[in-house]
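The structure appears below as C-alpha cells.
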Amino acid sequence: MSSLTHLECARCGKHFAAGQTHNLCDCGSPLLARYDLRRASPKLEPRQLQSRARDLWRYREVLPVTQDASIVSLGEGFTPLLHARRLGDKLGLPNLYLKDEAQNPTGSFKARGMAVAVSVAQELGIRRLAVPSAGNAGGALAAYAAKAGMEAAIFMPEDTPLVIRLECTLHGAKVTLVSGSIKDCGRVMRERLKGGDWFDVSTLREPYRLEGKKTMAYEVFEQLGGRLPDAMIYPTGGGTGLIGMWKAFGEMQELGWIAERRPRMFAVQAQGCAPMVRAFAGESEQAAEWVNPQTLASGLRVPAAIGDFLILRALRQSRGAALAVSDGEMLAAVREIAETEGILTSPEGGATLAGLKKLLADGFLAGHESVVLFLTATGYKYFEALETLASERGN
Ligand SMILES: *Cc1c(COP(=O)(O)O)cnc(C)c1O
Ligand SMILES: [Zn+2]
C-alpha cells in the first residue's frame, strides 16, 4: 500500500499532514508528497513488479492513495515505449525511443495526473473539482469526474481545440470559455468559485497530479530493462511531468533502483510562449510571465508556471537545457513521426522531435546517446492543426 507520510513545501520545507486537503504552502509554493521509501523499497523491487497490473497503480507504494477502494481508474499508464528505428536511422540515433502517451484514457498523459488527483479527492470525500486548463487537463478531469460521479467545472481558453471542448461537455462537466490563456482562466475560475465548496485541482496547486505524471519515469526505467536513458525531451507547459520525473529519480535513487547519474532533461517550448527558455538563458531562478502567448500547441500555451523554479532547477542540475521551436517546425515533425513511425501525435509531441533536431545540430546530443521523446497526446484531438497539415500536402 501507499507509504505516503506527509507533504513538504518545495521552497521552504514546511511539513503538512497527509489525509487532508491542501493547495499551496503559506509561502505560495507547491507541496510535494513524501513517502517512507525505506518501508516501500522491499515491495517495490523492480523484479517483483513484473507480475503487477500494467497501469500506473503498479507503483502504488509511491502514490498517495491509501485505500484501493478509492482508486478511480480508466486504465491509465504503462503506455508503450517504442524503439523508433526508422526515425533513429534518419537522425543517426540508433537508441531513440518514443513514449506514446496517446494511449492513455482521453488520449493524453493528463489522464495520469487526473487519475491520481481524482482518486485522492475520492478518498478525502471531495465531490466538486474545478480546473483551469489549456486543453487536455480539462478533458481528463471531465472523464475521471464522470467515472467517480463527481462534479467538474472547467475553465478553458475559447480557442481550445474543438474536440477537447466537446469532450468536456460530453462527460458532463460545466465548461466556461474564457478569452485569453490558461492564466486568465485561472483568474476567472477563482473569482467565480470564490466561497463555494469547489476544490482547485490546478496543476501544482494540487499536490497529486504531479504524482501521477511522475510514473512516466518509473515506467521508462522498467521498459528499458532497468536503466534510464541519457536524455529526455519533454514538451513543457506548466512542467508538471518534468518536475514529477525529476522527483521520481530522487525516489528511485533512495529505493536503490539507480545510482546518482540521471538523464539530462531538455524542456521544449513554443517560440510564441517560451518563459522557461528565456529564464534558462537569463540564468534566473524564476520565470517572468510571457505576454501574449501564442501557439497552436495548446498544452504549451502556459505563460507562467508556479513550479518555474523547480523546472529550472531540474534542467540545470541535469546539465540539460530549455529550447524553443516554431509551430511550423512542430507540425513538420508531426508529419515526420507519422510517416516514419506510424504515430499521429499532437503538436506538443512534434515539438520534442523538432527540439531533438536542434539539440543534435548544436552538438548538445550525440549519436551514441539514448534519448526518449515524450509524445504527450494524440493528434486526433487536434483536428484544426491536422487539417492545416493535410491541406499543405495537397490532399
Ligand atoms: C499539458 C500538456 C503538456 C505540458 O505538460 P506539463 O507537464 O504541464 O508541462 C504537453 N503536451 C500536452 C499534449 C499537454 O496536454
Ligand atoms: Zn513554503
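The spacing between the range 105-139 and the range 185-221, judged by their C-alpha centroids, is 7 Å.
DSSP assigns beta bridges within the chain; of those with both partners inside it, close to 30 percent run antiparallel. For the range 153-168, backbone phi angles converted through the Karplus equation (6.51, -1.76, 1.60; θ = phi - 60°) give residue-by-residue couplings of 10, 10, 10, 10, x, 5, 9, 4, x, 3, 4, 5, 4, 5, 4, 4 Hz, Gly and Pro being listed as x. Over every Cα atom in the range 113-154, the radius of gyration and the widest Cα-Cα span, Dmax, amount to 9.1, 27 Å. Per residue, the convex hull spanned by the Cα atoms of the range 1-83 amounts to 144 cubic angstrom. Computed extension length for Ala390-His6: 133.3 nm, one decimal, from 0.36 nm per residue of separation with the Cα-Cα distance subtracted. Cα centroids of the range 348-385 and the range 47-103: 18 Å apart.
Can you tell me the length gained on complete extension of the stretch Glu151 to Thr169, counting 0.36 nm per residue apart and subtracting the Cα distance? All intermediate terms of the calculation are to be shown ahead of the outcome.
On the way: separation 18, 0.36 × 18 = 6.48 nm, distance 1.19 nm.
In short, 5.3 nm is gained.
Along the range 322-332 the Karplus relation, 6.51 cos²θ - 1.76 cosθ + 1.60 evaluated at θ = phi - 60°, assigns HN-Hα couplings of 10, 9, 10, 10, 7, 4, x, 5, 4, 5, 4 Hz to successive residues, with x for each Gly and Pro.
Per residue of the chain, what 222 nm ellipticity follows from adding -39500 (n - 2.57) for every DSSP H run with n ≥ 4, rounded to the nearest 500? Counting only the DSSP helices, I get -11500 deg cm²/dmol. I need the fraction of alpha carbon pairs in the range 116-249 separated by more than 20 Å, rounded to a whole percent. In whole percent, the long-distance tail amounts to 49. Converting phi to 3J(HN,Hα) with the Karplus coefficients 6.51, -1.76 and 1.60 and the offset θ = phi - 60°, the range 231-238 yields 8, 10, 10, 10, x, 10, x, x Hz in sequence order, with x at every glycine or proline. Cα-based radius of gyration for the range 308-363, normalised by 2.2 N^0.38 Å, reads 1.27. Close amide H partners of Arg264, meaning residues 5 or more places away or on another chain with modelled amide H under 5 Å apart, are Ala231, Met232. For the range 1-155, lysine pairs with C-alpha atoms less than 29 angstrom apart, excluding pairs fewer than eight positions apart on the same chain, total 8. Amide H contacts for Leu375 (H built 1.01 Å from N in the peptide plane; partners 5 or more residues away or on another chain; cut-off under 5 Å): Lys99, Glu101.
Using the Cβ-Cβ distance between Glu339 and Arg319 with R0 = 41 Å, the FRET efficiency computed as 1/(1 + (r/R0)^6) comes to roughly 0.80. Quick one: among Arg54, Arg38, Arg205, which has the greatest mean-square fluctuation in a GNM of the chain with alpha-carbon springs under 10 angstrom? Largest GNM mean-square fluctuation: Arg38.
One equal scatterer on each Cα of the range 348-395, no solvent, Debye formula: the resulting log10 I(q)/I(0) at q = 0.13, 0.15, 0.23, 0.32 Å⁻¹ is -0.44, -0.55, -0.86, -1.15. The Cα trace of the range 168-220 gives Rg and Dmax of 14.2, 42 Å, the first to one decimal, the second as a whole number. Spacing of the modelled spin labels on Gln286 and Ser326, each 7 Å from Cα toward Cβ, amounts to 3.4 nm. When exposed loop sites are taken as GluC sites (Glu not before Pro) in a DSSP loop with at most 14 other Cβ atoms within 10 Å, the longest stretch of the chain clear of them is 1-157. Principal axis extents of the C-alpha atoms in the chain (largest first, rounded to whole Å): 51, 48, 40.
Against the compact-protein benchmark of 2.2 N^0.38 Å, the Cα-based radius of gyration of the range 252-395 scales to 1.11. Residues whose amide H lies under 5 Å from that of Thr5, counting only those 5 or more places away or on a different chain, are Arg34, Tyr35, Asp36; hydrogens are built 1.01 Å from N in the peptide plane.
All of the numbers you see were taken from the coordinates with simple rules; none came from a lab. Bear in mind the structure is a predicted one, so any value in this text is a computation, not a measurement. Please note: Cβ atoms are built from the backbone with ideal geometry, for glycine as well, and neighbour counts cover all protein chains shown.
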